[in-house]
Amino acid sequence: MFAGPRVVRRRPLLRAAVVGGTAYAAGRRTAEAQSAEAYQDQRLSSLEYQQSAPAAPAPPQAASAESSMLDQLGQLNNLHQQGALTDEEFAAAKAKLLA
């Protein structure tokens, strides 16, 4: 039998682990950045759409104004529950309607 020193080759495995881990981390950061950018683009386009929508005309009579206001509050509440309006947008639209 040969009684020489035992040679352990771990460097190729360590190098592969480092390279693979680095590539995984870089890919993950890229995917997160793309996801955040897509979310921002979506929010901007929805805000642009809301700003371009025509404003609702004011109701002509006081008696129908109360029922119309209740209907509009109901619509705002439905949009908020569906997720179309954030909490801040809902609060701003509600304050504008009640003012």
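The values are calculated or read from the model by the stated rules, or taken from the named source; none is laboratory data. Since the structure is predicted, the reported quantities are computational estimates derived from the model, not experimental observations. In this analysis, Cβ positions are derived from the backbone assuming ideal geometry, glycine residues included, and neighbour counts consider all displayed protein chains.
Quick check: anything in region 82-98 hydroxyl-bearing (S, T, Y) and modelled with pLDDT under 85? Reasoning before the result, please.
Start the filter on region 82-98 by keeping residues that are hydroxyl-bearing (S, T, Y), which leaves 86.
Checking the rest, the ones that are also modelled with pLDDT under 85 come to none.
No: region 82-98 contains no residue that is hydroxyl-bearing (S, T, Y) and modelled with pLDDT under 85.
Against the conditions (1) at pLDDT 80 or above; (2) not in a helix (DSSP H, G or I); (3) not β-branched (V, I, T), where does R28 fall short? Just the number, please.
Single failed check for R28: (2).
Can you tell me which of Q72, Q42 is surrounded by 10 or more Cβ atoms within 10 Å (Cβ to Cβ), over 18 Å from L98 (Cβ atoms) and at pLDDT 80 or above?
Exactly one of Q72, Q42 is surrounded by 10 or more Cβ atoms within 10 Å (Cβ to Cβ), over 18 Å from L98 (Cβ atoms) and at pLDDT 80 or above, namely Q42.
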